1. Suppose we keep only residues that are assigned to a loop (DSSP other than H, G, I, E, B) and in contact with a strand residue (DSSP E or B) (Cβ under 9 Å, 6 or more places away or on another chain) within region 1-59. Which one would you say is surrounded by the most Cβ atoms within 10 Å (Cβ to Cβ)?
2. Can you name the residue in region 60-81 that is touching a helix residue (DSSP H, G or I) at 6+ places or on another chain (Cβ under 9 Å) and over 30 Å from residue 34 (Cβ atoms) and, of all such residues, is surrounded by the fewest Cβ atoms within 10 Å (Cβ to Cβ)?
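Read-outs throughout are calculated quantities, based only on the coordinates presented, and are distinct from any laboratory measurement. Computed from a prediction, not measured in an experiment: that's the story for all the values here. Note: ideal-geometry Cβ built from the backbone for every residue, glycine included; neighbour counts use all protein chains shown.
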């Protein structure tokens, strides 16, 4: 399979790109769940339509149980690592142990 989808793909190319069967893709088109371009009897799939379909059907990641974003978790973990590193070699009074 190629990495790139042509500007206008055949059903076989678009199905391969989406990793579904050609019959599944045709069924999506028949149900008007994915857009098509018809030229005579040919059914073609513009790349923009395929990309929009992927975007519209991509689920966001599940939130973590704390309701925090990944950036917030990273800040917490980074802060914890800094406190641990900073605290090594010092007593409660800030004196360095030798």
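1. Selected residue: 34.
2. 66
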